[in-house]
Each structure stands twice: as structure tokens, then as C-alpha cells.
Amino acid sequence: MTLGAELPASATPSPPSRAPLVMIIGDSFTVGSGPVRGWDGYAAQVARHLGWQLITAGAAGTGFVNPGRVGRTFQQSFVKELSWRPEPDLLIISGGRNDRRIGAARIEGAAVRLLELVRRRWPHTRIVLVGPIWMTRAPRWAYRVREAVSAAADRLEVPFLDPFEPLGPHGRGWGRGAVLPDGVHPTLVGHLRLSRWMVTRLHEYGIEPRPL
């Protein structure tokens, strides 16, 4: 074959397929906290396991209603950080822990409005809602928040992933070494266990790793 000659059609390499894109909105558990940075957190580990591209949004201290120190709820984070981007394959909204002093009806309403906004902006994107994350035994009020987030998922018919499952009466919890000394945030090991749990639950909804 002479230099510069075209390859036969059968030898022309096919362009690589685009990896699916997942976006995740959340609080410090999602964007990183303490010694665990965002690139090592559960969100990044979930994306790595799936072989998907990842964009994270949100900030520490924020919730569905609570704007935290940054002055931004999950919905405002969606508008400012994500809504102007091309439609992703999957959006995960994870949180509620920072909505401690908010009534259940307000939390549910805020979550519903966010889900409705996402569907108007991205009608073909799959959405998954994740409840508040506790690495240790959760206080009573946390269950009220969990139920409010779950109710919003039911109303909009989107999958709800419950991080309280491993903490249940018959669960083993997140195990030793999963919590930082602050008693709140996951260690690197904790993030790894969170990611494995989440990947397993996503698999139940047909969300699979990208074929190699």
C-alpha cells in the first residue's frame, strides 16, 4: 500500500462509543469532606465502577430546603451548575441530612419541585433519588427526612435508594473503619462501601457498567 493511500472500509477503525454521563447533586458526602476529596468519594467511585463520565454539583451543608453557608439549595445548585449542560444519561440527587430543622412537607415539596424541573429540562434523563446518608445509627428525626424524600420519589415515580438499609435491624451497617473521627462523614473505606452498595442498588434498576 502506498503512503497516503486510503484504508479499505473494512480496515477503517470505528470511532469509540461515548461513555454514558452521570451527574450527581449532593452535600459534603458527595462533593468531598475532610481528608477525602471529591475524586475519591463515593460519587467518583460509582462512576469509575460503571465506566461512566461524572459531573458533581452541590456543596457541603446544603439540602433540599437548607441553603447552607453557600446560600444554595439542591434546586439552585441544579440551575447554576447543571441545567445549562447537555442532557445526561442519569441524574442522582443525594441528600437531606442537612434539612434537620425543616418540616417533612416542605422537604417533600422541595424535592418534588426539583424533580419536576429536571424532567422539564431533561425529559429523557433517568433520575434516581438517594435519601440522607448516615454511617452510624441515625437519630429519630432523620427517619422523618428519609420518609419525606422517599415520598417525593413515589410521587414522581423515580427509584429511591435508602442508605438506611444497611443500618436496619438485620443489617450489618457500614462496618468498622467507615466513619471519620467527626462521627459523621465517611472515611475512604466508608466511601468505598457506599459506592459498592449504590452500584448494587443501581444494578437492580437496570443501570449497568459500560461494556469494555
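Condition check: within 19 Å of the chain's Cα centre (by Cα), open to solvent by 40 Å² or more (accessible area, probe 1.4 Å) and in contact (Cβ under 8 Å) with a residue 60 or more places away in the chain. Does Arg126 satisfy that?
Values: within 19 Å of the chain's Cα centre (by Cα): yes; open to solvent by 40 Å² or more (accessible area, probe 1.4 Å): yes; in contact (Cβ under 8 Å) with a residue 60 or more places away in the chain: yes.
Yes: the conditions hold for Arg126.
Based on what the data block shows, is Ala60 closer than 19 Å to Val31 by Cβ, in contact with a helix residue (DSSP H, G or I) (Cβ under 9 Å, 6 or more places away or on another chain) and open to solvent by 10 Å² or more (accessible area, probe 1.4 Å)?
On the way: closer than 19 Å to Val31 by Cβ: yes; in contact with a helix residue (DSSP H, G or I) (Cβ under 9 Å, 6 or more places away or on another chain): yes; open to solvent by 10 Å² or more (accessible area, probe 1.4 Å): yes.
It is true that Ala60 is closer than 19 Å to Val31 by Cβ, in contact with a helix residue (DSSP H, G or I) (Cβ under 9 Å, 6 or more places away or on another chain) and open to solvent by 10 Å² or more (accessible area, probe 1.4 Å).
Would you mind finding the one in Arg196, Arg146, Arg155 that is open to solvent by 50 Å² or more (accessible area, probe 1.4 Å) and under 20 Å from Val112 (Cβ atoms)? Step through it out loud before you land on a result.
On the way: Arg196 fails: under 20 Å from Val112 (Cβ atoms); Arg146 fails: open to solvent by 50 Å² or more (accessible area, probe 1.4 Å).
Only one candidate passes the filter, namely Arg155.
Mind counting the residues in the range 27-37 that are in contact with a Phe, Trp or Tyr (Cβ under 8 Å, 6 or more places away or on another chain) and assigned to a strand (DSSP E or B)? Let's see the steps before the verdict.
We begin by selecting, within the range 27-37, every residue in contact with a Phe, Trp or Tyr (Cβ under 8 Å, 6 or more places away or on another chain); these are 29-30, 32.
If we keep only those that are assigned to a strand (DSSP E or B) too, we end up with 32.
Of the residues in that region, 1 qualify.
Quick test for you: out of Arg176, Arg210, pick the one residue that is more than 22 Å from Leu91 (Cα to Cα) and either open to solvent by 30 Å² or more (accessible area, probe 1.4 Å) or in contact with a Cys (Cβ under 7 Å, 6 or more places away or on another chain) (or both). Please lay out each step first, then the result.
Details: Arg210 fails: more than 22 Å from Leu91 (Cα to Cα).
That would be Arg176, the only listed residue that is more than 22 Å from Leu91 (Cα to Cα) and either open to solvent by 30 Å² or more (accessible area, probe 1.4 Å) or in contact with a Cys (Cβ under 7 Å, 6 or more places away or on another chain) (or both).
Looking only at the range 20-46, which residues are within 17 Å of Arg193 (Cβ to Cβ), more than 10 Å from the chain's Cα centre (by Cα) and of a type in the set (A, V, I, L, M)?
Of everything in the range 20-46, just one residue is within 17 Å of Arg193 (Cβ to Cβ), more than 10 Å from the chain's Cα centre (by Cα) and of a type in the set (A, V, I, L, M), namely Val36.
Scan Gly131, Gly109 and give me the residue that is closer than 22 Å to Ala57 by Cβ, over 18 Å from the mean Cα position of the chain (by Cα) and small (Gly, Ala, Ser).
Details: Gly131 fails: over 18 Å from the mean Cα position of the chain (by Cα).
When all the criteria are applied, what remains is Gly109.
Hey, any hits in the range 65-84 for a residue that's open to solvent by 10 Å² or more (accessible area, probe 1.4 Å), closer than 17 Å to Val22 by Cβ and of a type in the set (Asp, Glu)? Before the answer, list the steps.
Initial filter on the range 65-84 (open to solvent by 10 Å² or more (accessible area, probe 1.4 Å)): 65-73, 75-76, 79-81, 83-84.
Within this subset, residues satisfying the condition of being closer than 17 Å to Val22 by Cβ are 81, 83.
Those still in the list that are of a type in the set (Asp, Glu) too: 81.
The answer is yes; a qualifying residue exists.
The values are calculated or read from the model by the stated rules, or taken from the named source; none is laboratory data. This structure is a prediction, so every number in the text was calculated from the model and none was measured. Cβ coordinates were reconstructed from backbone atoms using ideal geometry, including for glycine residues, and neighbour counts include every protein chain displayed. For accessibility, only protein heavy atoms count, side chains too; no ligands or nucleic acids. Shrake-Rupley method; radii C 1.70, N 1.55, O 1.52, S 1.80 Å.
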